[in-house]
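What follows is a set of notes on a single structure, which appears directly below.
The values are calculated or read from the model by the stated rules, or taken from the named source; none is laboratory data. Note that the coordinates shown come from a computational prediction; the quantities given were computed from them, not determined experimentally. Because the Cβ atoms are built from the backbone with ideal geometry, glycine has one as well, and the counts that use them run over all protein chains shown. Areas reflect the complete protein model, heavy atoms only, side chains present, ligands, DNA and RNA absent. Shrake-Rupley method; radii C 1.70, N 1.55, O 1.52, S 1.80 Å.
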Amino acid sequence: MLSFCSNDYLGLATHLNIKKAFIDTANAEGVGSGAAHLLSGHSRTHQQLEEALVEFTGQRRVLLFSSGYQANLGVIDGLMSRGDKVIQDKLNHASLLDGGRLSEATQVRYPHADMSALERRLVQTDSRCLVVSDGVFSMDGDIVPLPELLALSKKHHAGVLIDDAHGLGVLGAKGKGCLEHWQIESDSLPIVMGTFGKAFGTAGAFVAADEVVIETLIQQSRTFVYTTAQPAAIAAATLASLELVETEHWRREKLQALIQQFRLGAKELGLTLMDSMTAIQPLVLADVEQAVRVGKALEGKGFLVGVIRPPTVPEGAARLRVTLSAAHTEQDVSQLLDALEAVLCIAQ
Ligand SMILES: *Cc1c(COP(=O)(O)O)cnc(C)c1O
């Protein structure tokens, strides 16, 4: 099968350097980290990775988490509590919504990327506020209007948390994610959550922020305190991956070329794509049965594409979620387009 549903956007998950770092560190230090970070689980390799990420993000401090899901629960629950307000984009990732629930703060949502709706919610409150958004929306592939979101939050004295799971490594010439895409100045950086399971091709996550936020998380983030540290071998693999993300610009350039090729080809077939310039290219088919049928037909032809249905996406917005990777070739993308043409004719 040719997979178009992996989040390994830069094709790093199988890279030799990354595998070697993983194996060498497992040989030297074993597999299990043995304890939480605050006990003996925090190895020299974890520390090196945190320091390298401080450099990469330009933030003051970085804290590692064992997964992105845990990082999102931990950062919102660690910073917010009853009486506070968490304001979220309607299409935010499930882990952000769950983090808000766990914190017991009042949760308010605004229509997707609607900045005037966000401002109305900011005006209506005098509680402590955290505005939370995906950097790249995981099912639509569009990018948060960050300059406006930051300006509004600053004006109304609210904190900001950006989940850049799908932007990190991919967006910006240096792969620094949606902050680099929008050229956000280093004196107005929001709290950023990033994951390693996507473009970095490994596993785990981090939160980057200022001293006060990170110290607060170390004290109060239950998904940081009460869980076993990730194996050092994974941190070593992520360090190797970070080096490739920073130096191998051709991966991002190749990915962009494949995205353009796919979008142009799909347009020629008369398919309606969403307004996405990222590796996430959804084809909305609306009808759930049709989406499932098309997904199965593609599978029959050897193509694996995500079939996304409600409640993951709104009712009437079932879709094929095509994700592209620098590991694909131009020929792979042409073949997918041919298969889509054949299959969609049958389905209509
Ligand atoms: C994948 C994802 C997460 C969760 O990260 P994991 O490391 O897989 O737990 C969080 N937020 C977004 C937007 C994601 O796409």
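Give all pairs with beta carbons closer than 7 Å in which a residue from the stretch 117-141 that is within 20 Å of Q281 (Cα to Cα) meets a residue that is of a type in the set (K, R) and within 16 Å of the ligand (Cβ to nearest atom); count only pairs at least 6 apart in sequence or on separate chains.
Pairs that qualify, where the first residue is within 20 Å of Q281 (Cα to Cα) and the partner is of a type in the set (K, R) and within 16 Å of the ligand (Cβ to nearest atom), are M139/R321.
Provide a single number: the residues in the stretch 146-172 that are assigned to a loop (DSSP other than H, G, I, E, B) and more than 11 Å from the ligand (Cβ to nearest atom).
Within the stretch 146-172, the first condition is being assigned to a loop (DSSP other than H, G, I, E, B), and the residues that meet it are 156-158, 164-172.
Filter again for more than 11 Å from the ligand (Cβ to nearest atom), leaving 156-158, 169-172.
Looking only at that region, the number is 7.
Which of the residues that make up the stretch 206-220 are within 12 Å of the ligand (Cβ to nearest atom) and more than 22 Å from P231 (Cβ to Cβ)?
Those that are within 12 Å of the ligand (Cβ to nearest atom) and more than 22 Å from P231 (Cβ to Cβ): none in the stretch 206-220.
Checking L273 against (1) more than 16 Å from the ligand (Cβ to nearest atom); (2) touching a helix residue (DSSP H, G or I) at 6+ places or on another chain (Cβ under 7 Å); (3) over 20 Å from T323 (Cα atoms): exactly one of these is not met. Which one?
Condition (3) is where L273 drops out.
If you scan the stretch 287-318, which residues turn out to be over 20 Å from S3 (Cα atoms) and in contact (Cβ under 8 Å) with a residue 60 or more places away in the chain?
Scanning the stretch 287-318 gives T312, V313.
Taking the condition closer than 29 Å to A94 by Cβ and among the aliphatic types (A, V, I, L, M), does A13 pass?
Yes: the conditions hold for A13.
In the stretch 4-28, how many are of a type in the set (V, I, T), surrounded by fewer than 17 Cβ atoms within 10 Å (Cβ to Cβ) and in contact with a helix residue (DSSP H, G or I) (Cβ under 7 Å, 6 or more places away or on another chain)? Show your work before the answer.
Filtering the stretch 4-28 for residues of a type in the set (V, I, T) gives 14, 18, 23, 25.
Still in the running and surrounded by fewer than 17 Cβ atoms within 10 Å (Cβ to Cβ): 14, 23.
Now drop any that are not in contact with a helix residue (DSSP H, G or I) (Cβ under 7 Å, 6 or more places away or on another chain), which leaves none.
Here the count works out to 0.
Taking the stretch 39-72 as the search range and keeping residues that are farther than 20 Å from H166 by Cβ and of a type in the set (S, T, Y), which one is surrounded by the fewest Cβ atoms within 10 Å (Cβ to Cβ)?
Among those residues, the one meeting the criterion is S40.
Being surrounded by fewer than 24 Cβ atoms within 10 Å (Cβ to Cβ) and within 10 Å of the ligand (Cβ to nearest atom) is the filter; apply it to the stretch 186-205 and report the residue that is farthest from V131 (Cα to Cα).
The residue in question is A203.
Among (1) surrounded by 12 or more Cβ atoms within 10 Å (Cβ to Cβ); (2) polar (S, T, N, Q); (3) farther than 23 Å from D164 by Cα, there is one condition T272 misses while meeting the rest; what is its number?
With respect to (1) surrounded by 12 or more Cβ atoms within 10 Å (Cβ to Cβ); (2) polar (S, T, N, Q); (3) farther than 23 Å from D164 by Cα, T272 is out only on (1).
Considering only residues that are out of contact with any Gly (no Cβ under 7 Å at 6 or more places or on another chain) and among the basic types (K, R), which ones fall in the stretch 312-345?
Scanning the stretch 312-345 gives a single hit, R319.
Are any residues in the stretch 310-348 over 17 Å from G141 (Cβ atoms) and under 21 Å from the mean Cα position of the chain (by Cα), and if so, which ones?
P310, P311, A327
Looking only at residues that are closer than 18 Å to T45 by Cβ and polar (S, T, N, Q) in the stretch 208-251, which one is surrounded by the fewest Cβ atoms within 10 Å (Cβ to Cβ)?
Per the criteria, the residue is T228.
Can you tell me which residue in the stretch 199-211 is farthest from L10 (Cα to Cα), limited to those that are part of a loop (DSSP other than H, G, I, E, B) and not small (G, A, S)?
The first filter runs over the stretch 199-211 and keeps only residues part of a loop (DSSP other than H, G, I, E, B), leaving 199-204, 210.
Applying the additional criterion that residues be not small (G, A, S) yields 200, 202, 210.
Values: F200: 7, T202: 12, D210: 29 Å.
Among them, the one singled out is D210.
Across the stretch 173-198, what is the total count of residues that are in a loop (DSSP other than H, G, I, E, B), touching a residue at least 24 places away in the same chain (Cβ under 8 Å) and closer than 16 Å to I143 by Cα?
Taking the stretch 173-198 and keeping what is in a loop (DSSP other than H, G, I, E, B), we get 173-177, 182-185, 189-190, 196-198.
If we keep only those that are touching a residue at least 24 places away in the same chain (Cβ under 8 Å) as well, we get 173-177, 182, 184, 189-190, 196-198.
Okay, now just the ones that are also closer than 16 Å to I143 by Cα, so 173, 175-177, 182, 184, 190.
Residues in the stretch 173-198 being in a loop (DSSP other than H, G, I, E, B), touching a residue at least 24 places away in the same chain (Cβ under 8 Å) and closer than 16 Å to I143 by Cα: 7 in total.
Pairs, please: C-beta under 8 Å, at least 6 apart or cross-chain, first residue modelled with pLDDT of 95 or more and of a type in the set (K, R) and in the stretch 142-159, second in a helix (DSSP H, G or I) and open to solvent by less than 30 Å² (accessible area, probe 1.4 Å)?
Pairs found: K155/L122.
What pairs can you find where one residue is in the stretch 43-69 and acidic (D, E), the other is within 15 Å of the ligand (Cβ to nearest atom) and open to solvent by less than 20 Å² (accessible area, probe 1.4 Å), and their Cβ atoms are less than 9 Å apart, with a gap of 6+ or different chains?
Close Cβ pairs (under 9 Å, with a partner that is within 15 Å of the ligand (Cβ to nearest atom) and open to solvent by less than 20 Å² (accessible area, probe 1.4 Å)) amount to E50/L63; E50/L64; E50/F206; E50/A235.
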